[in-house]
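**Student:** First the structure, then my questions, so here it is.
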Amino acid sequence: MLLIAAAAADADLGVVLRAAQELGVDPGGLGAAEAAGLVTVAAGRIGFTHPLLRAAAYQQTTFDRRLAVHRALADLLPADDDRRAWHLAAAATGPDEEAALALEHAADRARGRKGYPASAAALQRSAQLTADPVRRTRRFVAAAVAANDAGQPDLTRRFLASCDPVDADPVLTAQVCELRARLAFDEGSAASAHDLLVAGALALAPVDRRAAGLLLVDAARNAWQLSDPPRVQEAAARLHELGLSPDDGLGPAVEAVTAAARLLVDGPAAGVPAMRALTRTRTGPPNLRLNAAFVAGLVGDFEAGREISQVVADESRAEGAIGWLPLAHVTLAAAELYLGRFRDAVATATEGLQLATDTGQPNRAGYLEGILGWIAAVRGDSAECVELAGNCHDRYTRNRIANGLAWAEWALALLDLGLGRPAEASDRLDAALAGPVRHQIQAVYSAPDQVEAATRIGAYDRAEAACTRFAEWADAARLDWADAVAHRCHAQVEPAWPAANRHFEAAVAAHAASDRPWEAARTHLAFGERLRRERRKNEARTQLRTAAEIFDRLDARPWASRARAELRAAGATDSSQPVVTTASVLSPQELQIVRLVAAGLTNREIGAQLFLSPKTISYHLYRAFPKLGVASRTQLARLDLAG
């Protein structure tokens, strides 16, 4: 009787008693066990008073009795009950298609409940019970897909290692290639990942052109991050060879990859405008939408990148597809950074870094460390910036992915510039652009820093080259914020004051139509500095005060100090103090939590969303409330918690 109760786990009392009847077992043993304190019977269920007692009851009998009990329990449960599938599996002594099929159906139900780990476990056992090699491999591959979505790379790797050769099945071949590519990318073999994606696409092309196209779009993104133009061009050529039709829905993606290949050879005008169509993508699988978010970062449409990434992140979190979250956090944090939402970017990147570490995605972690290093540079946190940039350099040595290296070099140069070391900043950016970083978008977005650093040391030829590089991209991008920054760059390299003044005024006007506070503050600062040198102190003070106020809101401490020093030099007598915003007193995680509380979520709901316990949420609120000067959750809704 104890064996039946142990095998049934938390089954209801009725199932246990019916199984006893089927097996000819006296149910009176259950009463004796309860009297002895081994089990409890309450609310129609049986529970063991200690887990070890259940284990002992199950193990201290013969295997044939265990098999009979599991078979009896399986016969009593309905076909759509997951427990029936596991009882059939426990009763199997070798390959058993009935049990394997039941587990496959249980895995489907688990996936429908967003239970990816449970789905992977059911499919693994289903495959182990399968005799047919092709069917067994298909189930192991499905288990690997579920494990990958759950963010379990070790299990993914183990399931793939259990697969038999599948050359005759193009769909399975492509799935195996895609999964191995993801593993290879995170193991530091991005070039191998690209080649695997191309191989999978070639296998799949005869039977599913759209799916093959999606693999090639991923391959192109990998190649871009490697700073490998030939591989980007290969992906573009393969996409065209597929002969995709408009009904395949990949037209904007194909156009973006083709344009990216042209951009690397012929410059921004040949590529940027045609890439923009992909940023309007709002539907499709996560990898397609995240590719759209990635491209949004290349063409300067950061609002689109943020919107796409946020939706994918929210969906992945809600569906339990944790494996997609680190990549979504990469594109989301980058978009928030470019939009000047630095506190949001830190919160996103910090959470993404933890997720990337937990799910075995070190290369995603490298990108996020680069983003955090850049923001540390803006804030003047030298030690943190240097440490994070050093991590990115170490990762590049192992994986040769240039994107993380680009963030690191830009962060260190920005740190130098903010701390008054323009010569070091100029030399660092020049050196970075002599290597693979030159193919990354950071080579464009750091050009204005290169202009400023070079002009501050009188290296106007270097400043002109950087100004031209950014202006060519801005002309192709046709965005207000890009026009504003291009005008600022032209003003900084212009020796004649009337022409420089026209560029500065055009820059300020263009910033008013865009939402890039960091770049706007940089323009006001540069304009104010030039006005002071031209002995127009009243006008200079107006620009410099605006710059200082924006830098304060962004917590860009070295830059705010520089603006105030310029204000004093321009004759300002006020001693205004830095503005402290409501959100600035909180840690990134505290800010994330109080925003969710203000939105009306409970501690349990917040914990589920952030993968934290309700107790941890309570602890963070205990620390956050005094900082904000509030005593209840309802008061949070009245605060300005903008990032």
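**Student:** Out of the residues in segment 184-204 that are out of contact with any helix residue (DSSP H, G or I) (no Cβ under 6 Å at 6 or more places or on another chain) and of a type in the set (A, V, I, L, M, F, W, C), state the one that is least open to solvent (accessible area, probe 1.4 Å).
**Tutor:** Among residues in segment 184-204 that are out of contact with any helix residue (DSSP H, G or I) (no Cβ under 6 Å at 6 or more places or on another chain) and of a type in the set (A, V, I, L, M, F, W, C), the one least open to solvent (accessible area, probe 1.4 Å) is 191.
**Student:** Can you list residue pairs whose Cβ atoms sit under 7 Å apart, with the first residue in segment 259-279 being under 23 Å from residue 249 (Cα atoms) and among the charged types (D, E, K, R) and the second being in a helix (DSSP H, G or I) and open to solvent by less than 10 Å² (accessible area, probe 1.4 Å)? Count only pairs 6 or more apart in sequence or on different chains.
**Tutor:** Close Cβ pairs satisfying both conditions: 262/271; 276/299.
**Student:** Tell me, please, whether a residue that is of a type in the set (S, T, N, Q) and in contact with a Leu (Cβ under 8 Å, 6 or more places away or on another chain) can be found in segment 44-52.
**Tutor:** Within segment 44-52, one or more residues are of a type in the set (S, T, N, Q) and in contact with a Leu (Cβ under 8 Å, 6 or more places away or on another chain).
**Student:** Now a separate question. Looking only at residues that are of a type outside the set (Gly, Ala, Ser) and surrounded by 20 or more Cβ atoms within 10 Å (Cβ to Cβ) in segment 480-492, which one is nearest to residue 268 (Cα to Cα)?
**Tutor:** 483
**Student:** Still on this structure, please answer the following. Please name all residue pairs, on different chains or six or more residues apart, with Cβ atoms under 8 Å, provided the first residue is in segment 50-71 and is over 18 Å from residue 37 (Cβ atoms) and the second residue is open to solvent by 80 Å² or more (accessible area, probe 1.4 Å).
**Tutor:** Going by the 8 Å Cβ cut-off, the qualifying pairs are 67/93.
**Student:** Just one of 469, 462, 428, 438 is within 22 Å of residue 406 (Cβ to Cβ) and in contact (Cβ under 8 Å) with a residue 60 or more places away in the chain; which is it?
**Tutor:** It is 438.
**Student:** So in segment 229-247, with the set limited to residues that are in contact (Cβ under 8 Å) with a residue 40 or more places away in the chain and open to solvent by 50 Å² or more (accessible area, probe 1.4 Å), which one is nearest to residue 402 (Cα to Cα)?
**Tutor:** Within segment 229-247, the match that is nearest to residue 402 (Cα to Cα) is 231.
**Student:** Shifting gears a bit: Suppose the filter is open to solvent by less than 60 Å² (accessible area, probe 1.4 Å), out of contact with any Lys or Arg (no Cβ under 7 Å at 6 or more places or on another chain) and modelled with pLDDT under 95; does residue 439 pass it?
**Tutor:** Answer is yes for this residue.
**Student:** To continue, here is another question. Does residue 264 satisfy the condition of being open to solvent by 10 Å² or more (accessible area, probe 1.4 Å) and either among the polar types (S, T, N, Q) or in contact with a Gly (Cβ under 8 Å, 6 or more places away or on another chain) (or both)?
**Tutor:** Spelling it out, residue 264 is indeed open to solvent by 10 Å² or more (accessible area, probe 1.4 Å) and either among the polar types (S, T, N, Q) or in contact with a Gly (Cβ under 8 Å, 6 or more places away or on another chain) (or both).
**Student:** Here is a follow-up. State all residues of segment 385-403 that are touching an Asp or Glu at 6+ places or on another chain (Cβ under 7 Å) and either open to solvent by 10 Å² or more (accessible area, probe 1.4 Å) or over 30 Å from residue 192 (Cα atoms) (or both); if no residue qualifies, say none.
**Tutor:** 388, 391 - these are the residues of segment 385-403 that are touching an Asp or Glu at 6+ places or on another chain (Cβ under 7 Å) and either open to solvent by 10 Å² or more (accessible area, probe 1.4 Å) or over 30 Å from residue 192 (Cα atoms) (or both).
**Student:** Specify which of the listed residues (499, 520) is more than 29 Å from residue 381 (Cα to Cα) and open to solvent by less than 30 Å² (accessible area, probe 1.4 Å).
**Tutor:** 499
**Student:** Of all residues in segment 125-144, which are assigned to a helix (DSSP H, G or I) and open to solvent by 50 Å² or more (accessible area, probe 1.4 Å)?
**Tutor:** 125, 128, 133, 134, 135, 136, 138
**Student:** So is residue 475 within 19 Å of residue 519 (Cβ to Cβ), in contact (Cβ under 8 Å) with a residue 40 or more places away in the chain and surrounded by fewer than 22 Cβ atoms within 10 Å (Cβ to Cβ) or not?
**Tutor:** Yes: the conditions hold for residue 475.
**Student:** Turning to a different aspect of this structure: Listed residues 513, 548, 507; which is over 19 Å from residue 376 (Cα atoms) and more than 32 Å from the chain's Cα centre (by Cα)?
**Tutor:** Result of the check over 513, 548, 507: 507.
**Student:** Something else about it: Output the qualifying pairs, or none if there are none: Cβ atoms under 6 angstrom, residues six or more apart or on different chains, first residue in segment 174-189 and among the basic types (Lys, Arg), second residue part of a helix (DSSP H, G or I) and crowded, with 24+ Cβ neighbours inside 10 Å.
**Tutor:** 180/196
**Student:** Could you check how many residues of segment 238-279 are within 19 Å of residue 441 (Cβ to Cβ) and in a helix (DSSP H, G or I)?
**Tutor:** 26
**Student:** Which of the residues spanning segment 205-228 are in a loop (DSSP other than H, G, I, E, B) and open to solvent by 30 Å² or more (accessible area, probe 1.4 Å)?
**Tutor:** Correct list: 206, 207, 208, 228.
**Student:** I'd like the full set of residues that are among the small types (Gly, Ala, Ser) and touching a strand residue (DSSP E or B) at 6+ places or on another chain (Cβ under 6 Å), limited to segment 39-61.
**Tutor:** If the condition is that a residue be among the small types (Gly, Ala, Ser) and touching a strand residue (DSSP E or B) at 6+ places or on another chain (Cβ under 6 Å), then 44, 47 are the ones that fit.
**Student:** Residues that are at pLDDT 90 or above and crowded, with 16+ Cβ neighbours inside 10 Å: find the helices (runs of 4 or more DSSP H) completely inside segment 1-73 holding 3 or more of those.
**Tutor:** Of the helices (runs of 4 or more DSSP H) lying wholly inside segment 1-73, those with at least 3 residues that are at pLDDT 90 or above and crowded, with 16+ Cβ neighbours inside 10 Å span 2-8, 13-23, 51-59.
**Student:** Can you tell me which residue is least open to solvent (accessible area, probe 1.4 Å) among those in segment 98-113 that are within 39 Å of the chain's Cα centre (by Cα) and among the acidic types (Asp, Glu)?
**Tutor:** Within segment 98-113, the match that is least open to solvent (accessible area, probe 1.4 Å) is 104.
**Student:** For segment 280-289, how many residues meet the condition of being charged (D, E, K, R) and not in a helix (DSSP H, G or I)?
**Tutor:** 1
**Student:** Going by the structure shown, is residue 147 open to solvent by less than 20 Å² (accessible area, probe 1.4 Å) and within 23 Å of the chain's Cα centre (by Cα)?
**Tutor:** yes
**Student:** Related question: Of the conditions (1) out of contact with any Lys or Arg (no Cβ under 6 Å at 6 or more places or on another chain); (2) of a type in the set (A, V, I, L, M, F, W, C); (3) within 21 Å of residue 342 (Cα to Cα); (4) at pLDDT below 80, residue 611 satisfies every one except a single condition; which number is it?
**Tutor:** Exception for residue 611: condition (3).
The values are calculated or read from the model by the stated rules, or taken from the named source; none is laboratory data. This structure is a prediction, so every number in the text was calculated from the model and none was measured. We place every Cβ from the backbone using ideal geometry, glycine too, and count neighbours over all the protein chains shown. The protein model used for the area step is the full one, side chains on, heavy atoms only, and it has no ligands, DNA or RNA in it. Shrake-Rupley method; radii C 1.70, N 1.55, O 1.52, S 1.80 Å.
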